[in-house]
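Quick notes on the structure that follows.
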Amino acid sequence: MSRSQPPLLENATRDLARFAAQFRYEDIPAEAVERMKTSLLDSIGCCLYGATLPWTRRVQEMTEAEQAAPMASLWGSGAKTSIANAVLVNGTAGHAFELDDIHKESIVHAGSLAVPVALAYAERDGGWSGRDLIAALVAGYEVGTRVGNAATMSLFYRGFHPQGTSGVFVAAASAGRALGLDPERMQHALGIVGSQAGGLMAAQEGAMVKRFHAGRAAQSGVYAAELAKRGFTGIVDVLEASYGGYLSSYSDKPNAARLTDGLGEVWETAKVGYKPHASVTSIHAALDALTHIMRSNDLKAADIASIRAGVSHMTYVHCAWAYKAQGVTAAQMNLYYGLAVIAHDGVAFVDQYDEKRLSDPALLDLIGRTEAYEDAEIEAMGPPFRHAATVTVKTRDGRDFTHRILNRRGSPENPISAGDVEYKFRNVVRSCLPADRIDRLVELCARLDTLSSLDDLISIVSAPRA
C-alpha cells in the first residue's frame with residue numbers, strides 16, 4: 001500500500017543517513033562546534049542532577065537487577081552496565097528535571113539523548129578524541145531535529161511527545177555514527193528506530209513516565225544502530241513513506257521539505273537553546289514577563305491582586321490546565337504554578353520544584369487568582385511565536401502593569417550565553433560534585449575540540465556522587 005502513493009519527499013531517509021554517516025568534523029561550522037561544547041556541559045549537569053531523583057533511581061534499580069555486562073557507566077553511581085541499559089538510565093536522568101537543552105522548531109531536547117549515547121560508546125571503546133564526540137553529537141542533533149521540524153507541531157497536537165518520538169532519530173544517528181555505520185546501514189538504523197518511536201503527552205500531568213521517554217528513545221537508538229551493524233534491515237523510506245511512514249503516521253500536517261532543507265549548509269545544531277528555568281520551555285516567556293513587571297515596579301507577591309497571562313494556543317493547551325499538586329512533573333509543566341513561584345521566590349529553579357512546595361497554601365492562593373487565555377495577537381504571529389506571552393498584573397491598590405515577551409530567553413532569537421549556561425551548570429551540580437570536579441568539567445567542555453582523550457571527562461561523570 002505504501003508504494004501505491006508517491007513519497008512525501010523522494011529519498012529523504014537515504015539522504016539524511018548519508019549525511020550522518022559521511023560528514024567530516026571539518027565540515028561542521030565553528031558556531032555549531034561551540035554549541036556542542038555548551039550543550040555537553042549543560043547535558044552533563046542535567047544528567048548528574050537527574051540521576052539523584054527518585055524516578056531515575058527506580059529505572060536504575062531495574063537495570064542493575066539485570067546484571068548486564070559492564071560496558072558503560074551509570075553516571076554518578078560508580079556502577080556499570082550494558083550500553084543499552086546505561087543510556088536508558090542516563091537518558092532518563094537527562095530529561096528528569098525539565099532542564100535539558102531545546103531545539104525550538106522540532107521541540108526536541110537532543111542533549112539528553114545524544115550525549116548519553118555518544119559518551120557510552122566513547123567509554124566502552126576508548127580512544128575517542130573530543131572531535132570524535134562532537135561529530136557523534138552533531139549527527140544526532142542534525143538528523144533528529146530535522147525529523148522534528150518536518151513533523152511540525154501537528155505531532156504534538158495529536159498528543160505525541162516529541163522527545164520519545166522524533167527523539168529516537170537523534171539517538172539512532174548518534175549511535176550509528178559512534179559505531180561507524182556506512183550510509184546503507186545508517187539508513188537501516190533510521191528505518192529500524194522509526195518503528196520504536198513512542199511517547200504520549202498525557203504523561204505531563206503527574207506521571208514519572210515522561211522522564212522515561214528520553215531514556216527509552218536513547219535505548220531504542222542504540223538497539224537500532226546495533227541491529228543495523230549486524231545486517232538487520234529497517235524501513236528504508238521510514239520518513240517519507242506515504243502510508244505507514246513516520247511523518248504520515250505521526251503528523252496530520254507534515255512538512256517533509258524540512259527534512260533536508262539546506263542539509264550540510266544550514267546546521268540545525270547551531271540553533272539549539274538552553275533553559276534558564278526548571279520548567280517546560282513554553283512558559284518561560286510568561287515567567288520572564290512577570291519577573292520584569294515585578295522588578296520594574298518593586299512589587300512583592302503580597303501586592304498582587306490578580307495575574308492574567310495571554311499565550312499561544314499551543315502553550316494554552318500544553319500548560320494552562322487546572323493546577324493540582326500531583327507531583328513534580330505536573331508542577332514543571334503548569335503555567336499557573338510557574339507564575340506563582342516566580343511571584344513569591346523570583347526564580348523557578350531546583351528548590352521551587354521540591355515536593356514540599358507543591359501544596360504551599362500561598363502558592364495555591366495566588367494560583368486561584370491567576371487566569372490564562374489565548375492571546376489572538378500572539379496566535380496570529382504563527383508557530384515561531386508559540387512561546388510568546390503577554391502578562392498583566394493588577395495590584396491590590398488598583399494599578400495595572402502589562403509586559404509582552406515575544407522571544408523567550410534561551411531561544412535562537414534571544415539566546416543566553418555560554419557563561420549563563422556555565423552558571424546554570426554550577427548551580428545544578430553543586431549537590432552532586434565537589435568544587436574541583438565542577439571546575440574541571442567546565443574546563444574540559446570548554447576545550448572539547450582540542451582534547452585527545454575523553455578519559456578524564458568520563459571518569460568524573462562516572463564516579464560515585466560526593
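The values are calculated or read from the model by the stated rules, or taken from the named source; none is laboratory data. All of these numbers come straight from a predicted model, not from anything done at the bench. In this analysis, Cβ positions are derived from the backbone assuming ideal geometry, glycine residues included, and neighbour counts consider all displayed protein chains. Areas reflect the complete protein model, heavy atoms only, side chains present, ligands, DNA and RNA absent. Shrake-Rupley method; radii C 1.70, N 1.55, O 1.52, S 1.80 Å.
Annotations for the structure displayed:
- Degrees, to the nearest 10: 435-446 long Cα axis against longest axis of the chain: 60 degrees
- Expected-Rg normalisation [2.2 N^0.38 Å, Cα atoms] applied to segment 366-466: 1.67
- Across segment 1-89 the C-alpha pair distances fall into 5 Å bins from zero in the proportions 3, 11, 14, 12, 11, 12, 13, 12, 8, 3, 0 percent.
- Packing-based ranking, highest mean first, of 257-270, 179-192, 107-120 given that Cβ atoms within 10 Å are counted: 107-120, 179-192, 257-270
- Ranked by the mean number of other Cβ atoms within 10 Å per residue, highest first, peptides 292-302, 14-24 order as 14-24, 292-302.
- Degrees between helix 54-66 axis and first principal axis of the chain (Cα, 0 to 90, nearest 10): 20 degrees
- From the Kirkwood radius over Cα pairs of segment 278-374, Stokes-Einstein at 20 °C and 1.002 mPa s returns a whole-number translational diffusion coefficient of 163 µm²/s.
- Surface/4 estimate of mean projected area, convex hull on alpha-carbon atoms of segment 345-400, nm²: 5.8 nm²
- Binning all Cα-Cα separations of segment 71-180 at 5 Å, short to long from zero, yields these whole-percent fractions: 2, 14, 23, 22, 19, 11, 5, 2, 0.
- Think of a 1.4 Å ball rolled over the protein heavy atoms: segment 131-242 then has 27 Å² of accessible area per residue.
- Packing rank of 354-361, 306-313, where each peptide gets the mean count of other beta carbons within 10 Å, highest leading: 306-313, 354-361
- Largest first, the residues ARG131, ARG404 sort by 1.4 Å accessible area into ARG131, ARG404.
- Estimated FRET transfer efficiency when R0 is 51 angstrom, pair GLU371-SER4 (beta carbons, to 0.05): 0.50
- Within segment 8-34, backbone nitrogen closer than 20 Å to the virtual label 7 Å beyond the Cα of GLU184 toward Cβ: 11-23
- Farthest toward positive dipole pole in the chain [+1 Lys/Arg, -1 Asp/Glu at C-beta], among LEU287, ALA207, CYS47: ALA207
- Summarising the label geometry, the points placed 7 Å from Cα in the beta-carbon direction at THR395 and LYS300 lie 1.3 nm from one another.
- Helical content alone sets the calculated 222 nm signal of the chain at -15500 deg cm²/dmol, taking -39,500 (n - 2.57) per DSSP H segment of four or more residues and averaging over every residue.
- Magnitude of the charge dipole, the chain, Cβ model with Lys/Arg +1 and Asp/Glu -1, debye to 20: 620 debye
- With Cα atoms, 0 to 90° folded angle of helix 335-345 axis to the chain main axis: 60 degrees
- Stokes-Einstein D (µm²/s) once Rh is taken as the Kirkwood radius of segment 177-301 over alpha-carbon pairs, at 4 °C in 1.567 mPa s: 72 µm²/s
- Each label point was placed 7 Å from the Cα along the Cα-to-Cβ direction; for GLU355 and TYR157 their separation is 3.9 nm.
- In straight-distance terms, cross-link reach from LYS37 covers every one of the aspartates and glutamates whose alpha-carbon lies under 13 Å from its own, apart from those fewer than eight places away in the same chain; here that gives ASP101, ASP132, GLU422, GLU443, ASP449.
- Dimensionless Rg over Rh [segment 41-117; C-alpha; Kirkwood]: 0.98
- Percent carbon-and-sulfur accessible area, segment 318-373, ignoring ligands, DNA and RNA, probe 1.4 Å: 53 percent
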